[in-house]
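Derivation of every value follows stated rules applied to the coordinates shown; laboratory data play no part. All of these numbers come straight from a predicted model, not from anything done at the bench. All Cβ positions, glycine included, derive from the backbone under ideal geometry; neighbour counts span all protein chains shown.
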Amino acid sequence: AETGKREVDFADRNETDTAKAKRLKNDPNSDQDNHNESASANPLFGFKTTTVLRDSAREKNMFIHGKLNDQDAVIILEKTPIREDTLLEIFNGSRLKLDMRNDIYSTYQLQPPAHLNEMKTTVVCPATEKHVKKYLRQETYLVQETGEDYRSITLPYIQSQSFSVQWVYNILEKKAEAERIVYEDPDQDVGFVLLPDFKWDQKQLDDLHLIAIVHRRDIKSLRDLTALHLPLLTNIRKKGEESILKRYAVAASKLKVYLHYQPSYYHLHIHFNALSYEAPGCGVEHAHLLSDVIQNLQADSQYYHSRSLSFPLRADQGLLSKFKDAEKT
Ligand code: GTA
């Protein structure tokens, strides 16, 4: 098997320098056969970058806006973590190029076998202007929203413009990702679907991320929850944790289970993350632990109806200007 893998690796390198240069430059004059082959095997072939929305050398990712077949698209490229179970193959099956050596210190460029050098790639196409703005690096501001602000400012805003939740309905109706479902409770009142979040490539447990999507379609966010929803929330916590233990052998004490406020998608869903993983959006300004939510509702059924909630908004988010207009920031 090892030899087979190496052969593939070397076959890749047999590409001529000219072919490689053409491919890398996305040269429109590159030969048509090559183009057709590449376009069918690679749906991103011909993507034209308009702008890099954000990138991070530390997180090793890049968010790119561009055109894919004349449609606006956002592509997220992300280098994936190194897995312990691949170390043997990395050490024995890679090419090494020495960068420098000094006394007991040396650095190398290591080229692992191609299958260990994958990049997680997320594509949003066609992307709306709202998607482009969502991923653009921007200044954020903390807003404090009273229950009354929610009803007079936030609710009308999210009713008039928020991301489509079609992808959520596709999951609930088994029109998409059906094979990825980890657990389902089909009850229409307290039931939910638990599946991997699309940010998690499921290759390692360090960044475990699942979402529980409720079957009910009448709960937009934390703000809609009352004590009447306690059976739903406790059911999600209990069965979600049990299923994760069964499937991934990760105990409840190694999980953080939370809701976002504001979420991006206004159909109630709950995040299950590895405790040690700093997922985007798990900070105190954005995340509400499910166990706290349950206790708050047990103490006061109207807690999320009346309490002030803080959350960050990006500079160009329409909701921020609504709060500014109301002189709330
Ligand atoms: N299984 O089709 C889907 C799908 N979609 C469209 C979204 N999600 C999906 N999961 C499946 N299939 O965790 C997931 C999202 C998110 C959750 C919605 O549903 O990955 P939310 O409503 O609370 O919204 O959660 P949230 O967390 O604000 O949205 P999101 O998209 O996670 O963005 C928050 C920040 O995370 C972004 O600003 C960005 O910094 C970062 N981010 C987003 N996507 C990626 C990515 N692919 N890679 C790295 N970072 C990302």
Which of the residues that make up the range 235-256 are surrounded by 15 or more Cβ atoms within 10 Å (Cβ to Cβ) and polar (S, T, N, Q)? 235, 243
Any residue in the range 163-177 that is within 16 Å of residue 221 (Cα to Cα) sitting within a Cβ distance under 6 Å of a residue that is hydrophobic (A, V, I, L, M, F, W, C) and within 11 Å of the ligand (Cβ to nearest atom)? List the pairs, counting only those 6 or more apart or interchain. 168/213
Residue list for the range 220-253, restricted to those being among the acidic types (Asp, Glu) and touching a helix residue (DSSP H, G or I) at 6+ places or on another chain (Cβ under 7 Å): 241
Mind listing just one residue for me: the one in the range 58-94 that is out of contact with any Ser or Thr (no Cβ under 6 Å at 6 or more places or on another chain), among the β-branched types (Val, Ile, Thr) and assigned to a strand (DSSP E or B) and, of those, nearest to residue 126 (Cα to Cα)? 74
What residue, among those in the range 140-183 that are part of a helix (DSSP H, G or I) and basic (Lys, Arg), is nearest to residue 209 (Cα to Cα)? 180
Considering each of 268, 259, 309 in turn, give the residue that is surrounded by 13 or more Cβ atoms within 10 Å (Cβ to Cβ), of a type in the set (A, V, I, L, M) and over 20 Å from the mean Cα position of the chain (by Cα). 309
Just a yes or no: is a residue in the range 289-306 closer than 26 Å to residue 131 by Cα and surrounded by 12 or more Cβ atoms within 10 Å (Cβ to Cβ)? no
Subset of the range 203-252 [outside any loop (DSSP other than H, G, I, E, B), of a type in the set (Asp, Glu) and within 19 Å of residue 268 (Cβ to Cβ)]: 224, 241
Any pair with Cβ under 6 angstrom, 6 or more apart, that starts in the range 178-190 at a residue that is closer than 25 Å to residue 225 by Cα and ends at one that is among the small types (Gly, Ala, Ser) and part of a loop (DSSP other than H, G, I, E, B): 185/191
The number of residues in the range 97-120 that are in a strand (DSSP E or B) and surrounded by 12 or more Cβ atoms within 10 Å (Cβ to Cβ) is 5
Can you tell me which condition residue 147 does not meet? The list is (1) surrounded by 14 or more Cβ atoms within 10 Å (Cβ to Cβ); (2) out of contact with any His (no Cβ under 7 Å at 6 or more places or on another chain); (3) over 30 Å from residue 66 (Cβ atoms), and all the others hold. (2)
